Amino acid sequence: MRLGLRDGRTEVRDARHRGPLRIQRAFHPEPDGAAHLVLLHPPAGLVSGDRLQIDLEVEDGARALFTTTGAGKAYRSSGAEASTTTRLVVGAGADAELVPQESVIFDGARACLHTQVELDANARFLGWEVVCLGRPACGERFERGRLRLAFEVARNGRPCSIERGVIEGGDPLLDAAFGMQGWPAFGTLVATHASLDAVREAIAAFDAPVAATSVESGDRAEALVVVRVLGRDGAHARSALERARHAVRTSWSRPPVDPAIWRS
């Protein structure tokens, strides 16, 4: 999918799909003409061997937000890995937010979540990944299976942040004091052009472990703000990142407008 400016409003210029991925029409709830796009995966989950690839482009000067209709799911696998790969290209002077709802990794799943973000000069970006291991509401833990994660951000071809990890079902790390401390969900937010102090203030009262740091890549002006959180479930962890997101948008001189799908 490719989005660009037309008469001061961001619109979908091109959208093609093959297989079970769709988009709803672009919504424009903000006064600056930013487009909100909802990615729809009708099967709602991934089974053994499924592969989804999402390619998004925001042209120079455009403003876009991408989210999903609900929580994604990776079901128990018979052996083959299921994967979702998302690639986002953001043009010069553009704003892009990649804020899908949480991913639920069922016990016994074998899954990979990979996000690649490429930023041009002065492009602003905010993105997150929220994961719930098992299904806490029914007492299911992530005792078997494997989850691979990668979240990469680069500007003008130069890496700004590369995060990769592997979580094995039943790993002692899930309960260790230096690991997830028994919390089943976690989330990571990455943002450019943000105030670290404002983000820390926004998350200070959250009722679970959460922290914000700054990651510099040579140029202080290009520092990234990174927020990490643990939670009771995916929605709980995401609620902390929503607070941080509002602080980032304030740094961007944009109002804290949420996608309507999050409250429906």
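Return one number: the angle in degrees, 0 to 90 and rounded to the nearest 10, between the long axis of the Cα atoms of helix 234-251 and the longest principal axis of the Cα atoms of the chain.
20
I want to check the label-to-label distance for Ser264 and Arg25. Put each point 7 Å from Cα in the C-beta direction and report it in nm to one decimal.
Output for this residue pair reads 1.2 nm.
What is the percent carbon and sulfur in the accessible area of the range 45-171, measuring with a 1.4 Å probe over the protein chains and ignoring ligands?
Carbon with sulfur: 43 percent of the solvent-accessible area.
With the other protein chains left in place, how much accessible area per residue, in square angstrom, belongs to the range 37-113 at a 1.4 angstrom probe?
36
Could you state the orientation-averaged shadow area of the convex hull built on the Cα atoms of the range 12-85, in nm² to one decimal?
The Cα convex hull of the range 12-85, projected and averaged over all directions, gives 5.6 nm².
Would you tally the net charge around Ala191, using a Cβ to Cβ cut-off of less than 10 Å, leaving Ala191 out, and scoring K and R as +1, D and E as -1?
With Lys, Arg at +1 and Asp, Glu at -1, the net is +2.
Keeping all protein chains in place and using 1.4 angstrom, which order do Ser253, Ser161, Ser48 fall into by accessible surface area, from largest down?
Listed by decreasing accessible area, they come as Ser253, Ser48, Ser161.
Using 1/(1 + (r/R0)^6) with R0 = 45 angstrom and r between the beta carbons of Ala176 and Ala80, what's the FRET efficiency to the nearest 0.05?
0.95
For the chain, count the residues as N, evaluate 2.2 N^0.38 Å, and divide the Cα radius of gyration by that value, please.
For the chain, the normalised Cα radius of gyration is 0.97.
Could you tell me whether the range 180-264 comes out rounded, prolate or oblate from its Cα gyration tensor? Rule is a ≥ b ≥ c as square roots of the eigenvalues, rounded for a/c under 1.5, then prolate if a/b exceeds b/c, otherwise oblate. The partial results should precede the final answer.
Working: a/c = 2.14, a/b = 1.26, b/c = 1.69.
Note, shape of the range 180-264 comes out oblate.
Please report the net charge: other residues with Cβ closer than 12 Å to the Cβ of Phe142, K and R +1, D and E -1.
0
Within a Cβ distance under 14 Å of Ala82, other residues only, what is the Lys/Arg minus Asp/Glu net charge?
Numbers: positive: Arg51, Lys73, Arg76, Arg110, Arg146, Arg148; negative: Asp50, Glu81.
So the surrounding residues net to +4.
Quickly rank 137-143, 29-35, 231-237 as a protection proxy: mean count of other C-beta atoms within 10 Å, highest first.
Details: 137-143: 13.0, 29-35: 16.0, 231-237: 21.6.
Descending mean neighbour count gives 231-237, 29-35, 137-143.
The values are calculated or read from the model by the stated rules, or taken from the named source; none is laboratory data. On a predicted model such as this, the values are computed, not experimentally measured, just so you know. Neighbour counts run over all protein chains shown; Cβ positions are idealised from the backbone, glycine included. Accessible surface is based on the protein model in full, side chains and every heavy atom, while ligands, DNA and RNA are left aside. Shrake-Rupley method; radii C 1.70, N 1.55, O 1.52, S 1.80 Å.
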